[in-house]
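Shown next, in structure tokens, is the structure this report addresses.
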Amino acid sequence: MREQKRKRRVTWQILSYLIVTIASNTEFDAECIRRIRAGEKHIFHDLIRPCERAIYIMLLSMLGNEAEAEDAAQETAVKVYLNLHLFRGESQFRTWVLSIARNEGLGRLRKLSNRREDSLDAETDEQRGDYTPAILTSWKEIPDEALERKELGELIRAAIAGLPEIYRNVILLRDIEEMDVRETAGVLGISEGAVKVRLHRGRALLQRSLAPKLKGFAPRGKGLFGWGA
Amino acid sequence: MRIDCKHVWQYISAYIDGEVEAELREDIERHLETCEICSAVLDSTRNVIVLMADDRVFELPAGFSERLHARLDKELLDETWTE
């Protein structure tokens with residue numbers, strides 16, 4: 001009982017922190033936009049800076065090429081600036097920016113592949129697949145410090161890159177950029193229910209592909225791995 | 001209610017995000033107490049999520065930010081920005 005109360009208290013503290021953070025980010029964005037509109041153009045640097053990483057990662061995930069993703073990220077930032085007068089504050093600024101990044105990525109993919117306009121969104125939640133996780137009988141946690149080893153980062157990036165696009169985008173926004181379900185749905189133009197379904201499937205596919213490979217990154221110590229079939 | 005492993009896997013993502021109803025949460029936790037397979041699946045999924053969120057997994061290329069802001073300075077700040 002005491003443990004449950006402690007968990008509830010921690011959850012509430014995290015929620016309070018998130019609410020305050022989101023509110024202060026929104027105020028910061030609104031103040032920046034007001035000042036840019038008043039002529040302080042250089043403030044745009046401060047406004048776009050917190051979104052840079054998310055823009056790049058989204059485009060890298062879509063385009064699969066660092067140079068192309070960087071060029072597209074610059075184009076996105078330019079478009080955000082030129083269209084800033086269209087931002088009405090109905091969503092978070094970051095959500096709006098990432099929608100522009102996604103459109104930039106889709107536009108480039110269409111040019112690259114000469115695919116039909118709608119073909120890039122053709123994957124749907126109806127498609128069948130095997131989302132059974134990797135069956136393990138025990139798991140030894142891989143510590144964050146293991147990421148100091150380049151191979152682990154490469155392994156994770158490759159697994160994410162190997163996901164079908166509809167799952168990759170949701171994983172990217174929810175688990176890497178740590179957006180909430182609503183914001184993720186807003187960027188991708190899908191329902192919150194679809195975000196949850198895709199997130200579940202994406203995580204299941206990642207667990208299945210990554211968990212067996214992560215064995216070598218677990219800290220050595222007493223006890224044995226009980227890797228199942 | 002007793003639930004089986006497949007049922008638990010179906011809700012693992014929502015469980016990690018704290019988005020399952022209290023009753024189902026209790027059923028899952030009761031199952032996890034005795035099922036080492038589902039416990040390992042849960043722990044490994046949670047660990048994969050933690051690792052993915054680390055900034056070192058997706059690092060910006062060296063000089064990315066400088067080049068971006070130089071481009072903004074060059075191409076935008078000379079523009080006339082109107083409402």
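The values are calculated or read from the model by the stated rules, or taken from the named source; none is laboratory data. Values in this document were obtained by computation on a predicted structure and should not be read as measured data. Every residue, glycine as well, gets a Cβ built from its backbone with ideal geometry; the counts of neighbours run over all protein chains shown.
One table, with the values for the structure above:
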item: Residues being β-branched (Val, Ile, Thr) and surrounded by fewer than 19 Cβ atoms within 10 Å (Cβ to Cβ) - total across the stretch A:39-77; result: 1
item: Condition met for A:Arg157 (farther than 21 Å from B:Asp17 by Cα and in a helix (DSSP H, G or I)); result: yes
item: Extreme residue, farthest from A:His45 (Cα to Cα), among residues of the stretch A:67-95 that are among the hydrophobic types (A, V, I, L, M, F, W, C) and touching a residue at least 12 places away in the same chain (Cβ under 8 Å); result: A:Ala69
item: Qualifying position, being surrounded by 13 or more Cβ atoms within 10 Å (Cβ to Cβ), at pLDDT 95 or above and within 30 Å of A:Ala77 (Cβ to Cβ), among B:Arg67, B:Arg56; result: B:Arg67
item: B:Glu23 within 25 Å of A:Lys215 (Cβ to Cβ) and surrounded by fewer than 17 Cβ atoms within 10 Å (Cβ to Cβ); result: no
item: Boolean, B:Ile3 is in a loop (DSSP other than H, G, I, E, B), of a type in the set (Val, Ile, Thr) and more than 8 Å from every other protein chain (Cβ to nearest Cβ); result: yes
item: Residue list for the stretch A:152-177, restricted to those being surrounded by fewer than 14 Cβ atoms within 10 Å (Cβ to Cβ) and without any contact (Cβ under 8 Å) to a residue 12 or more places away in the chain; result: A:Glu154, A:Ala158
item: Condition check for B:Val41: at pLDDT below 95, part of a helix (DSSP H, G or I), more than 8 Å from every other protein chain (Cβ to nearest Cβ) and surrounded by 15 or more Cβ atoms within 10 Å (Cβ to Cβ); result: no
item: Set B:Asp27, B:Asp55, B:Asp4: member being charged (D, E, K, R) and closer than 24 Å to A:Leu163 by Cα; result: B:Asp55
item: The stretch B:51-66 - residue that is facing another protein chain (nearest Cβ under 7 Å) and assigned to a helix (DSSP H, G or I) and, of those, nearest to the chain's Cα centre (by Cα); result: B:Met52
